[in-house]
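Each value in this text was obtained by applying a stated rule to the coordinates, not by laboratory testing. What you are looking at is a predicted structure, and each value in this text was computed from that prediction instead of being measured. Reconstructed Cβ throughout: ideal geometry from the backbone, glycine too, with neighbour counts over all protein chains shown.
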Amino acid sequence: MVLTRDGTRCLVGIRSSETSLANMLEFPGGKSVPGESTRDTAIRECLEETGIAVDAIQLLEHRSHDYDHGRVALDFWLCHARGDHDQPSATQPFGWRPTRELNLRDFPKANAGLIRRLVAAESLEQLAAGGQTESTHD
């Protein structure tokens with residue numbers, strides 16, 4: 001998911017050194033539970049990982065990617081914080097970053113297409129106005 005603060009910044013965390021793709025940057029997110037939509041997954045995972053309650057506004061991109069450790073399918077949802085609470089829990093490795101300063105080298109390869117779009121867009125709302133992209137497979 002991509003959580004926007006003001007349309008020009010998004011919430012980014014650092015993957016644990018004990019996981020695959022260790023120490024790379026990531027957006028809040030995780031695996032769906034059986035019967036859960038990807039929209040509901042984005043809402044639940046953001047609250048669990050950051051402590052921020054969100055509304056999932058629009059699917060920005062679906063991407064499948066093959067890594068050495070397996071295939072991943074990612075749905076990137078544009079989300080907005082509910083109410084005024086948009087600060088991540090102090091115990092979590094997430095912080096706000098300007099979208100124009102995101103660097104492809106800092107993220108897993110599956111995020112590359114979205115990172116390019118985020119950096120090029122004037123705002124996340126402009127990106128959303130372009131609509132959902134087609135399914136992309138690397």
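Here is the size of the stretch 1-78 from its Cα atoms: Rg then Dmax, 12.6, 36 Å.
Taking other Cβ atoms within 10 Å as a rough exposure proxy, L127, L102 sort from fewest to most as L102, L127. Counting neighbouring beta carbons within 10 Å and listing from fewest to most, the residues R105, R82, R44 come out as R105, R82, R44. Taking 0.36 nm per residue of separation and subtracting the current Cα-Cα distance, fully stretching the chain between D68 and R5 would add 19.3 nm. The helix-only estimate of mean residue ellipticity at 222 nm for the chain, built from DSSP H runs of length n ≥ 4 each weighted as -39500 (n - 2.57), is -6000 deg cm²/dmol after division by the residue total. The ranking of K109, K31 by Cβ neighbour count inside 10 Å, starting from the fewest, reads K31, K109. At full extension, S20 and K109 could sit 30.8 nm farther apart than now, given 0.36 nm per residue minus the alpha carbon distance.
Applying 0.36 nm per residue to the separation of A53 and V119 and subtracting their alpha-carbon distance, the gain on full extension is 21.3 nm.
The spacing between the stretch 72-94 and the stretch 21-53, judged by their C-alpha centroids, is 8 Å.
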